[in-house]
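> Let me begin by handing over the structure; questions about it come next.
The values are calculated or read from the model by the stated rules, or taken from the named source; none is laboratory data. These numbers come from a predicted model, not from an experiment. A quick note on method: Cβ atoms are made from the backbone with ideal geometry, for glycine too, and the neighbour counts reach across all protein chains shown.
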Amino acid sequence: MDEFASERPEGPAGMRMSSPGFMRFRARNLALALATLAFFASGIGLCVAWAQAPQGAPVVVRAIHAVEGQSPDLFAIIIDLSEETTVRHEVLTGPDRLVIDLDRSFVAASAQRMTGRSLPAIGALRAGLFMAGQSRIVIDLARPVLVERADFVRQSGVARLVVQLRATSAEAFLAQARLDAAKRLSGRNSRPEPPPDDKGDTRPLVVIDPGHGGIDPGASGLKGEAEKDLVLAVGLALRDRLVKSGKVRVAMTRDDDRFVSLNERVKFARAREARLFVSLHADSLAGEPDVRGASVYTLSDRATDALAARAAEKENRADLIAGLDADEEARGGIETILVDLARRETRAFAQLAARQTVTALGNRTHKTPLRGAGFRVLRAPDMPSILIELGYLSNPQDLRALADGNDQKSLAETLANALEAFVLATSAPDSAVVAPAAGP
């Protein structure tokens, strides 16, 4: 008989609330041992709390621990929080991952790494803000596992979420991943689209898209500087500069440290009929500190060079890093002959915008400043889109410039001048600007 299957009463939300078997877990320290004892005690005096924190009070994710079990196929992830909150979990394939979502929460720096013994089934962990009011923990799996139960235990003022895992077969894991995907798609289809901004303003719209964010830090600098923070700072400075001039409208796909999927970034801009979509990124090359300078990318079926191909591959993995089904997200677009024809014209205008941006950047650019690659965020058929790699975080000179507030404002001024010039010239009804001929 399964050692966890003996007469477990159902708790709130249908969760089973007692199991003496798990008391044999070998915890890393006494506090975790007591938590697991309390969690899997016989129900008498068991403190399982599902009361919500006061509305508006953020729940802090303080620490994440790995705990092994008595048998090699049984273990747990224990998450320390300031309060109980709503929890959801799912598994994903390609690669295999476990995703845990926590409502109304943010992840403290102390929870960015998992403590406890290294477990064979557990790979890398990422934790951070996934969207407004929701944090996400993504755990890469070295072998298939499924969640048997997930319940809260309160001990010494700490709310501990104990996620009990058991190794399973590849077939069972795939079946659960398919069920989870069906639920996710059902919820997405029932979610209404946010209303676009007021269309009474006839000024052309520029959408600024700071890459990465939340659980996805992007590239790292020499001292751990995160791409997501640097491109957000430049994006905010660019927004402020464009707003101050008042010549165009401005919207941002994110203006704080949250994750936005690649599809949602494009949908956001298209729903608002943006005249130009500008995605901001920074790169990093291990072992090549001399490589520096900005590059401006447009969509291309073939990458300009190996560096461009590598950059697109890295940026297109953002959804995987954040615990999304990348294949499912990629299928969210529409690929038809009509869309392809529209995209050819759009690409021509994107190439014009890219060339003007490269010219404005001057000596800030890489030796190959104008590139093409298959970035997913550039695939909108009806909206000129460019991606700007602002520099290399592996290069000390680029990193200093991107991290310095004054240099950020200077860069924003340069970009604003170029982007305004393009948008205003191509939006005027009597404009004589003609896009270059689109390639086949």
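> Can residue 229 be described as closer than 24 Å to residue 365 by Cα and more than 17 Å from the chain's Cα centre (by Cα)?
When the stated conditions are applied, residue 229 does not pass them.
> Is it the case, given these coordinates, that residue 380 is among the hydrophobic types (A, V, I, L, M, F, W, C) and assigned to a helix (DSSP H, G or I)?
Criteria not met by residue 380.
> Within segment 127-177, restricting attention to residues that are in contact with a Phe, Trp or Tyr (Cβ under 8 Å, 6 or more places away or on another chain) and small (Gly, Ala, Ser), which residue is modelled with the lowest pLDDT?
Among them, the one singled out is 128.
> State which residue is surrounded by the most Cβ atoms within 10 Å (Cβ to Cβ) when the search covers only segment 129-161 and only residues that are more than 15 Å from residue 87 (Cα to Cα), touching a Gly at 6+ places or on another chain (Cβ under 9 Å) and of a type outside the set (Asp, Glu).
Here the answer is 139.
> Right, another one. Strands (runs of 3 or more DSSP E) wholly in segment 84-147 with at least 1 residues that are acidic (Asp, Glu) - which ones? Give the derivation first.
Numbers: elements: 87-92, 97-103, 105-107, 114-116, 122-131, 134-141.
Correct list: 87-92, 97-103, 134-141.
Quick grid of which residues meet (1) surrounded by fewer than 21 Cβ atoms within 10 Å (Cβ to Cβ); (2) over 16 Å from residue 311 (Cβ atoms):
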site: 259; (1), (2): no, yes
site: 263; (1), (2): yes, yes
site: 267; (1), (2): yes, yes
site: 275; (1), (2): no, yes
site: 281; (1), (2): no, no
site: 289; (1), (2): yes, yes
site: 297; (1), (2): no, no
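> I'd like the residue in segment 227-248 that is touching a helix residue (DSSP H, G or I) at 6+ places or on another chain (Cβ under 6 Å) and under 18 Å from residue 422 (Cα atoms) and, out of all such residues, is surrounded by the fewest Cβ atoms within 10 Å (Cβ to Cβ).
Only one residue fits best here, namely 247.
> Here's a follow-up. Let me confirm something: among 391, 362, which residue is crowded, with 23+ Cβ neighbours inside 10 Å, in the same structural domain as residue 234 (by TED's automatic domain parsing), at positive phi and not aliphatic (A, V, I, L, M)? Explain how you work it out, then say what you get.
Numbers: 362 fails: crowded, with 23+ Cβ neighbours inside 10 Å.
Going through 391, 362 in turn, the sole match is 391.
> Moving on to the next point. Considering 260, 234, which residue is under 24 Å from residue 106 (Cα atoms), among the aliphatic types (A, V, I, L, M) and modelled with pLDDT under 95?
Only one candidate qualifies: 260.
> Regarding residue 324, is this residue of a type outside the set (Gly, Ala, Ser) and not in a loop (DSSP other than H, G, I, E, B)?
no
> Does residue 218 count as out of contact with any Cys (no Cβ under 7 Å at 6 or more places or on another chain), modelled with pLDDT of 90 or more and outside the structural domain of residue 89 (by TED's automatic domain parsing)?
Yes.
> Separate question: Just give me the residues in segment 276-325 being closer than 18 Å to residue 260 by Cβ, acidic (Asp, Glu) and touching an Asp or Glu at 6+ places or on another chain (Cβ under 7 Å), in sequence order.
319
> So, one more: Under 8 Å between Cβ atoms, which residue pairs at least 6 apart in sequence (or on different chains) link something in segment 407-436 that is more than 16 Å from residue 358 (Cα to Cα) with a partner that is at pLDDT below 80 and in a loop (DSSP other than H, G, I, E, B)?
425/431; 425/433; 426/433; 426/435
> Quick check on residue 166: is it in contact with a helix residue (DSSP H, G or I) (Cβ under 9 Å, 6 or more places away or on another chain), surrounded by fewer than 22 Cβ atoms within 10 Å (Cβ to Cβ), touching a residue at least 60 places away in the same chain (Cβ under 8 Å) and part of a strand (DSSP E or B)?
On the way: in contact with a helix residue (DSSP H, G or I) (Cβ under 9 Å, 6 or more places away or on another chain): no; surrounded by fewer than 22 Cβ atoms within 10 Å (Cβ to Cβ): yes; touching a residue at least 60 places away in the same chain (Cβ under 8 Å): yes; part of a strand (DSSP E or B): yes.
The answer is no for residue 166.
> Are any of the residues in segment 356-378 among the small types (Gly, Ala, Ser), under 30 Å from residue 410 (Cβ atoms) and at pLDDT below 90?
No, segment 356-378 contains no residue that is among the small types (Gly, Ala, Ser), under 30 Å from residue 410 (Cβ atoms) and at pLDDT below 90.
> Say whether the condition of being outside any helix (DSSP H, G or I) and modelled with pLDDT of 90 or more is met by at least one residue in segment 333-346.
no
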